[in-house]
1. For Asp145, state whether it is acidic (Asp, Glu) and within 26 Å of the chain's Cα centre (by Cα).
2. Name every residue in region 469-492 that is among the aliphatic types (A, V, I, L, M) and either surrounded by fewer than 18 Cβ atoms within 10 Å (Cβ to Cβ) or touching a helix residue (DSSP H, G or I) at 6+ places or on another chain (Cβ under 9 Å) (or both), in order of residue number.
3. Does any residue in region 500-512 that is hydroxyl-bearing (Ser, Thr, Tyr) come within less than 6 Å, Cβ to Cβ, of a residue that is part of a loop (DSSP other than H, G, I, E, B) six or more places away or on a different chain, and which pairs are these?
4. Could you tell me which numbered condition Ala161 fails, if it satisfies all but one of (1) of a type in the set (A, V, I, L, M, F, W, C); (2) crowded, with 16+ Cβ neighbours inside 10 Å; (3) assigned by TED's automatic domain parsing to the domain that holds Ala234?
5. Taking region 1-22, which residues are at pLDDT 95 or above and either more than 17 Å from Ala277 (Cα to Cα) or part of a loop (DSSP other than H, G, I, E, B) (or both)?
6. Working only within region 186-227, note down all residues that are more than 16 Å from Gln421 (Cβ to Cβ), touching a strand residue (DSSP E or B) at 6+ places or on another chain (Cβ under 8 Å) and aliphatic (A, V, I, L, M).
7. If you take the residues in region 272-310 that are of a type outside the set (A, V, I, L, M, F, W, C) and crowded, with 23+ Cβ neighbours inside 10 Å, which one is farthest from the chain's Cα centre (by Cα)?
8. So which helices (runs of 4 or more DSSP H) are wholly in region 403-483 and hold at least 1 residues that are touching a Phe, Trp or Tyr at 6+ places or on another chain (Cβ under 7 Å)?
Amino acid sequence: MTEPSPTQEPTRIVIVGGVAGGMSAAARARRLDEHAEIIVLEQGDYVSFANCGLPYHLSGEIAARDDLILHTPESLAASLNLDVRTGHRVVGIDKDSRKVTIDAGDITYALPYDALLLSPGAVAVRPPIEGLDHPAVHTLRTVPDVDALRERIEQLLATAARTGPAPSAVVIGAGFIGLEAVEALTSRGLAVHLVELADHVLPPLDAELAPLLADELAAHGVDLRLSVSAQAIADASTIDDSTGAPGSPAGMVTVTLSDGATLAADLVIVNVGVRPASALAAEAGLDLGPTGAIRVDRDQHTSDPHIWAVGDAVEVTQAITGTLMPVPLAGPANRQGRRAADSICGRRTTPQAAVLGTAIVRVFGLTAATTGASQATLRRAGIEHEVVHIHPGDHAGYYPGSEQVHLVASFAPDGTLLGAQGVGHRGVDKRIDILATAIRAGMTADDLAELELAYAPPYGSAKDPVNMLGFVAQNVLDDTMPQWQAQDLEHAMADTLILDVRSRSEFAEGHLAGALNIPHLELRGRLGEVATSAGGRPIRVHCASGVRSYLATRVLLSEGFDARNLSGGWLTLAAVHRNL
């Protein structure tokens, strides 16, 4: 695009929707073209706010509400000469005449465009729950949402201070936002019930890491209900039928679960996911994918040459599986907005890369993070992979304060890293960011083993956990360390000798029925005992984390035994099999 001559009409860029994608596009377009007319149409009252910060304002960690408001129409007009119109909802697109129809409350008008960018975002999924429109039910997606929740919480706390007991809440959905809401509500003094349809919290997380989060929730008094759904929300009875005494206070509701249980609460937060807000695009005849997301090319073009789309409503390619799907994350939305502006302004673009879906969440004292494809995703896609589990310290063990980082990574048979996840108190964000970069670069186990990472005792180890993932994967992939997984326990107990090489005191604290306990330092002198106990059966070895059992497995393999080491050891086994 060339700079317009004095007689040339400026280009009009109309952007539907603000926040991450739309405002990134608007700001970038202005930096590229000082003369373009840029109009942003936002149906809500806030065009640029930190929606990821909402749970932390709910908790009070971000004390000032205005800190969430990044820009206003006035500040954007002053700094970037943008025409931002809040309370303006686009209700139709005429592709042929290149006009949008706008409902601005008292008036409806048409606005021509030269280039149209759609950034409509996503809308909350409405689960089939009777009573979902009850006034006690809230969501947590917008500034008005958090305003309403804070007002209700303040009312409840004021009442509780006079009459007690502590107010209670039910959070439906244990995904990222749900977990952040639970933490915020608990920190404000509410008793919280968390309801999740899946069999573990944070469903994108691998099942063997999720119990760590469940334990952390329980330690903070959260009542966790897994593998159940909410069926109905209704006013709580004012009479306790069993005693005839007054029952729940006014304003309380009862949430009925699919297992028949009922939970009384003063408020309910529903966050079970989002879906693309693509109705406007569909009505305009733009191409959508099977998930309902707007189909775009690598420059964010839709099926119409004058319309672009970005953000939560668009279809992206999952980097590992190649699946086309929406990914409602702020990072990709910001990059898409920048790319779309480059394309609109005729600039060279950086074509959209496949998306890893890297994400992170704090759950009280723990951090959980994920990147690439989970084991469940790989299985659904039929992608062959090996999984390794490690439990190293976040920094050098001899330096005070080292705590375990629980890492899981999946590798293709050729060693390519496909996905990684982590849970721990410190250092998880650093490792997942490194591993996300490694996946983007197509790195293998060999590459991870050779990464040169910053090391000093307070920060890491000479063999960083990322290096350790590489070392372990190398051993697994070249058969230096044949392994077995916690999911194989039933078969292992039925058909093999379980050799527990932990100390006698560790064994006494809990062990598998029928396991042979030989501490790993005694193994070389007791190989005859192993052979007799095995009776020709394969041997499945484990310790606490997989390190001592690796040493023991190498001894057994060298002596001709059929031996495999348990990936992640007893720590992983106990997480997968909670009844041990």
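The values are calculated or read from the model by the stated rules, or taken from the named source; none is laboratory data. Fair warning: this is a prediction, and the values are worked out from it, not measured in the lab. Here Cβ is always computed from backbone atoms with ideal geometry, including for glycine, and neighbour counts include all displayed protein chains.
1. Details: acidic (Asp, Glu): yes; within 26 Å of the chain's Cα centre (by Cα): yes.
Spelling it out, Asp145 is indeed acidic (Asp, Glu) and within 26 Å of the chain's Cα centre (by Cα).
2. Leu469, Val472, Ala473, Val476, Leu477, Met481, Ala486, Leu489
3. From region 500-512, the pairs are Ser503/Pro519.
4. Condition (2) is where Ala161 drops out.
5. Those that are at pLDDT 95 or above and either more than 17 Å from Ala277 (Cα to Cα) or part of a loop (DSSP other than H, G, I, E, B) (or both): Arg12, Ile13, Val14.
6. Leu190, Ala191, Val192, Leu194, Val195, Leu217, Ala218, Val222, Leu224, Leu226
7. Looking at the filtered set, the residue picked out is Thr302.
8. On the way: elements: 428-440, 445-450, 465-477.
Per the criteria, 445-450, 465-477.
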